[in-house]
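Read-outs throughout are calculated quantities, based only on the coordinates presented, and are distinct from any laboratory measurement. The shown structure was predicted, so the numbers you read here are calculated from the model rather than taken from an experiment. FYI the Cβ positions are ideal-geometry reconstructions off the backbone, even for glycines, and counts take in every protein chain you see.
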Amino acid sequence: MEATGALTRVGSSLRVTRGEAIQVAVIAVLLAFVLIGLPQLLSLFWIDTSTTAVIYAITALGVGLLVGRVGMVSLGQVAVLALGAWVGAKFCLSTSLPYPIVLLLSGLITMALGVLIGLPALRVSGLYLALVTLMLAGAITVVLTQTNFPNGGKGFLGYDELYPGTIRRPSIATSDPAFFRYAVVVALVMFALVIWHLRSKPGRAWVAIRQSEPAALTAGVNVTIYKLWAFALAAFITGVAGALLGSSSGKLYAFQFPTSQSVILFAVVLMGGIYTVWGAVIAGVLLWVLPALFTIWGIDSQVPTLLFGIGVLQVLTTAPAGIAHQFPRDMAKLARLLFGLARKLAPTAGGAS
């Protein structure tokens, strides 16, 4: 009887609701369109822009994990992205390792560096944590400016002004459309990794820490370990994104990773939504697709930054969950309003006829 009851509980926990089934079906259709249909419709410019948006969506996922799930305000994620790009470029240019191994090593090494960076930041929180991570990002940017990124030269730094090296791509994804698909698949793996963490013990611990560190300590949560865990996971996925970014562009320069970009990334993650992984997808689109559209329309490239500032104010005042949460609700309200108006006008139209 006990075994039967256990099986019943397991079966009920695995039962998929109609809403969940519809959501999975919609995601599957969208994913199929992105992988198969979208590259056929876009020009090479938009394929490159979309690839960069996918890569920055992975980076935004790390920011959302730290801010939305653990409550740690980190303003140094673009510098971590630069570290991952440096490591990935070095492996691609100096070794013949399979590309998936390059991605894995880039993530692991960046994760180790991220933990080292996170150690001094664990003793502070809130605004002080934001300032510490921002200053660390500035320091990393200064170092990278002086050393430059590897370009196939000799030595540990691997930099040579006259060396025309190009960061390689995986052999199965040398063209731009193929690499876009490859980046999307890697992003899916990274998103799945984060979702698995959020639905397991670390996710519950992070929620407790975000709500109240003293209460989490009272409940037996090792706050230090789980904070470092969050830093490590965010750094790992960002390191993988950095390696993809190097292969996408072929060459890397320090000016691609300004410290101010970390602040802008934080702003668009807030706008997208820090409490859902969909917010990271929206953040990637806002950060790269929107400025590209403005450039094509002949609008000043600084206008999106102004819009991001206004968007952050709007999020902080009226929609703390971001676009990912607010937009569906607003659309549902609009649909109900239009449906109500249609029902009110229907009898009038019928009477007139």
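Under the combined filter of DSSP loop state and at most 10 neighbouring Cβ atoms within 10 Å, segment 78-163 retains these chymotrypsin sites (Phe, Trp or Tyr not before Pro): 156. For the chain, the Kirkwood hydrodynamic radius from C-alpha pairs, put into Stokes-Einstein at 10 °C and a viscosity of 1.306 mPa s, yields a diffusion coefficient of 72 µm² per second.
Think of each Lys and Arg Cβ as +1 and each Asp and Glu Cβ as -1; about the Cα centre, that makes the dipole of the chain roughly 920 debye. Between residue 41 and residue 336, the modelled labels are 3.1 nm apart [label points 7 Å from Cα along Cα→Cβ]. Sites counted here are trypsin sites (Lys or Arg not before Pro) in a DSSP loop (not H, G, I, E or B) having no more than 10 other Cβ atoms within 10 Å; the longest part of the chain that contains none of them is 200-353.
With the contact rule set at Cα under 8 Å and sequence spacing of 6 or more, what percent relative contact order holds for segment 33-293?
The normalised contact order for segment 33-293 reaches 41 percent.
The chymotrypsin sites (Phe, Trp or Tyr not before Pro) of segment 257-352 that DSSP puts in a loop, and whose beta carbon has at most 10 other beta carbons within 10 Å, are 297.
Using C-alpha pairs under 8 Å with a sequence gap of at least 6, the mean separation divided by the residue count of segment 184-326 gives a relative contact order of 19 percent.
Extension gain for residue 196 to residue 159 (0.36 nm times residue separation, less C-alpha to C-alpha distance): 9.4 nm.
Stretched out straight at 0.36 nm per residue, the stretch from residue 316 to residue 26 would grow longer than its current Cα-Cα span by 101.4 nm.
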